[in-house]
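The values are calculated or read from the model by the stated rules, or taken from the named source; none is laboratory data. Because the structure is predicted, anything quoted here is derived from the model rather than measured. Cβ sites come from the backbone with ideal geometry, for glycine too, and all protein chains shown count toward neighbours.
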Amino acid sequence: MKERMVESAETRSQTRAQARPVRLVSQKSAMVAWPMSPSRSHTLPLLHLDSAPPNLLALDPDSLETLIKEWGWPGFRARQILRWLYARRARSIDQMTDLSLRDRSTLRERTMLLRLPPPTVRQAADGTKKFLFQLDDGLIVESVLIPDGRRLTLCLSSQVGCTFDCRFCLTGTMGLKRNLKPHEIVGQMLSVQDTLAPEERISNLVFMGMGEPLANLDALRESIQRLTNDDWGVGLSARRITVSTAGLASKIPEVAGLGIRLAVSLNATTDSLRAAIMPAVDRLYPLATLLDACRRFPLSARARLTFEYVLLAGVNDSRADAARLVTLLRGFRCKVNLIPFNEFPQSPFRRPSDKSVLAFQSILRASQINALIRKSKGPDVLGACGQLGVGPEPHSVALTPLARDC
């Protein structure tokens with residue numbers, strides 16, 4: 001009886017498996033093979049998931065070296081390949097001319113070099129460009145290139161959607177779809193650089209796009225290695241990279257070893273207000289816990305911690321809010337970036353008046369706190385701070401004089 005029951009269970013399992021579509025992946029396209037009825041003679045080419053060759057960009061340095069050593073290649077070949085991938089931004093294996101023709105042929109047969117697909121580009125009136133990348137699974141991730149004189153700053157995303165649910169951020173209204181992988185993060189930078197003129201170079205990176213970077217810390221750490229390595233990587237100085245967190249206090253100590261600049265998003269001076277506009281993160285890490293972690297963050301002699309404060313009209317922009325912020329930041333070696341809210345459709349919040357923004361700034365400066373007003377860049381293509389994510393088509397946003405000129 002037991003044997004018949006086992007046989008019956010296996011038969012049911014096989015029947016269900018035959019009834020389901022099998023998703024198949026090839027190097028150039030994805031195919032779905034459906035079971036055919038006996039009367040139909042269609043034959044589809046099949047490629048099993050485990051037979052797809054690895055993408056070179058998806059391999060970390062150790063994995064790449066292990067792979068080529070399995071082929072009998074010397075370990076230094078890994079560094080050669082990595083230089084082509086990141087320092088020289090090769091788009092095909094054929095470009096790796098310091099590898100022999102035979103080695104390039106082997107590499108083509110056993111691996112792939114798949115960059116992010118060409119992005120959709122939306123250019124704002126002020127020259128800001130928003131890049132929309134469609135990932136392998138169909139999800140969309142966005143990056144923003146911000147020109148400022150000779151400086152070109154690229155705002156990178158670390159997640160599709162976000163771990164947290166900040167009410168004033170369009171990304172926060174999406175929920176978390178998934179973490180980005182290291183090659184998807186670095187790939188944003190490589191692809192955007194490819195769109196620029198030869199004399200133009202991305203000079204600064206800010207992890208202030210979609211997602212909470214510290215909630216995807218392993219991928220963040222690996223991405224920064226690839227971006228800053230001066231032997232085979234992109235070669236960007238870590239001092240030119242800023243990582244912004246909504247307040248994931250438990251992960252802040254782990255950022256210290258990366259050598260980057262840290263920005264912490266406060267946005268409220270009481271836990272009751274912070275819980276209303278940043279409910280998830282405040283529930284996990286109230287202000288006292290977050291500020292304690294910030295005090296422990298090691299700073300070099302000339303470095304400062306950055307605090308970000310999104311100003312919401314009638315919510316957190318009063319003189320009393322400014323006075324409490326002065327008290328909270330007493331003793332910190334820091335600067336404050338004031339960010340007048342960038343509106344997006346269906347948001348209940350509004351941008352404060354220029355008068356309110358300047359009054360808030362003056363209170364901080366009177367207490368010797370270096371307070372800067374963040375420029376609004378790319379709002380007409382939903383490219384400004386807090387506007388990234390799945391939403392309605394870009395719409396016209398009228399800028400106040402302060403938003404245009406600060």
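Only one residue in L107, L116 is outside any helix (DSSP H, G or I), within 30 Å of W71 (Cα to Cα) and in contact with a helix residue (DSSP H, G or I) (Cβ under 8 Å, 6 or more places away or on another chain), so which one is that? Outline the logic, then answer.
Details: L107 fails: outside any helix (DSSP H, G or I).
Among L107, L116, only L116 is outside any helix (DSSP H, G or I), within 30 Å of W71 (Cα to Cα) and in contact with a helix residue (DSSP H, G or I) (Cβ under 8 Å, 6 or more places away or on another chain).
Any chance the range 343-355 includes a residue that's in a helix (DSSP H, G or I) and buried (at least 17 other Cβ atoms within 10 Å of the Cβ)? Can you show your working first?
Here is the first cut: in the range 343-355, the ones in a helix (DSSP H, G or I) are 354-355.
Still in the list and also buried (at least 17 other Cβ atoms within 10 Å of the Cβ): none.
So far as the range 343-355 goes, no, none of its residues is in a helix (DSSP H, G or I) and buried (at least 17 other Cβ atoms within 10 Å of the Cβ).
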Scanning the range 73-104 residue by residue, those assigned to a helix (DSSP H, G or I) and among the hydrophobic types (A, V, I, L, M, F, W, C) turn out to be F76, A78, I81, L82, W84, L85, A87, I93, L101
Scan the range 186-196 and give yes if some residue there is of a type in the set (G, A, S), buried (at least 23 other Cβ atoms within 10 Å of the Cβ), within 23 Å of W84 (Cβ to Cβ) and in contact (Cβ under 8 Å) with a residue 60 or more places away in the chain, otherwise no.
yes
* May I ask you to verify whether I202 is in the same structural domain as C162 (by TED's automatic domain parsing), in contact with a Leu (Cβ under 8 Å, 6 or more places away or on another chain), not charged (D, E, K, R) and not in a loop (DSSP other than H, G, I, E, B)? => no
Within the range 275-296, residues being within 19 Å of P213 (Cα to Cα), in contact with a strand residue (DSSP E or B) (Cβ under 9 Å, 6 or more places away or on another chain) and either surrounded by fewer than 15 Cβ atoms within 10 Å (Cβ to Cβ) or in contact (Cβ under 8 Å) with a residue 60 or more places away in the chain (or both) number 2
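Collect the residues in the range 115-139 that are crowded, with 16+ Cβ neighbours inside 10 Å and either more than 20 Å from C162 (Cβ to Cβ) or not aromatic (F, W, Y) (or both), keeping them in residue-number order. Outline the logic, then answer.
So in the range 115-139, the residues crowded, with 16+ Cβ neighbours inside 10 Å come out as 115-116, 119, 122, 124, 126, 128-131, 133, 135.
Result: R115, L116, P119, R122, A124, D126, T128, K129, K130, L135.
Take V160 and decide whether it is part of a strand (DSSP E or B) and touching a Cys at 6+ places or on another chain (Cβ under 8 Å).
Details: part of a strand (DSSP E or B): yes; touching a Cys at 6+ places or on another chain (Cβ under 8 Å): no.
Criteria not met by V160.
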Checked S367, S353, S396 against criteria (of a type in the set (S, T, Y), touching a helix residue (DSSP H, G or I) at 6+ places or on another chain (Cβ under 8 Å) and modelled with pLDDT of 95 or more); the one match is S367
Checked the range 147-181 for anything over 25 Å from P348 (Cβ atoms) and either outside the structural domain of L217 (by TED's automatic domain parsing) or surrounded by fewer than 23 Cβ atoms within 10 Å (Cβ to Cβ) (or both); matches are P147, D148, G149, R150, R151, L152, T153, L154, R178, N179, K181
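Search the range 213-269 for residues being among the acidic types (D, E) and within 16 Å of the chain's Cα centre (by Cα), and hand back the single one that is nearest to L284 (Cα to Cα). Break it down into steps so the answer makes sense when it comes.
Taking the range 213-269 first, the residues among the acidic types (D, E) are 218, 222, 230-231, 254.
Subsequent filtering for residues that are within 16 Å of the chain's Cα centre (by Cα) retains 218, 222.
Details: D218: 20, E222: 26 Å.
Among those that are among the acidic types (D, E) and within 16 Å of the chain's Cα centre (by Cα), it is D218.
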Exercise. Answer yes or no as to whether V255 is in contact with a strand residue (DSSP E or B) (Cβ under 7 Å, 6 or more places away or on another chain), in contact (Cβ under 8 Å) with a residue 24 or more places away in the chain, part of a helix (DSSP H, G or I) and crowded, with 17+ Cβ neighbours inside 10 Å.
Key: yes
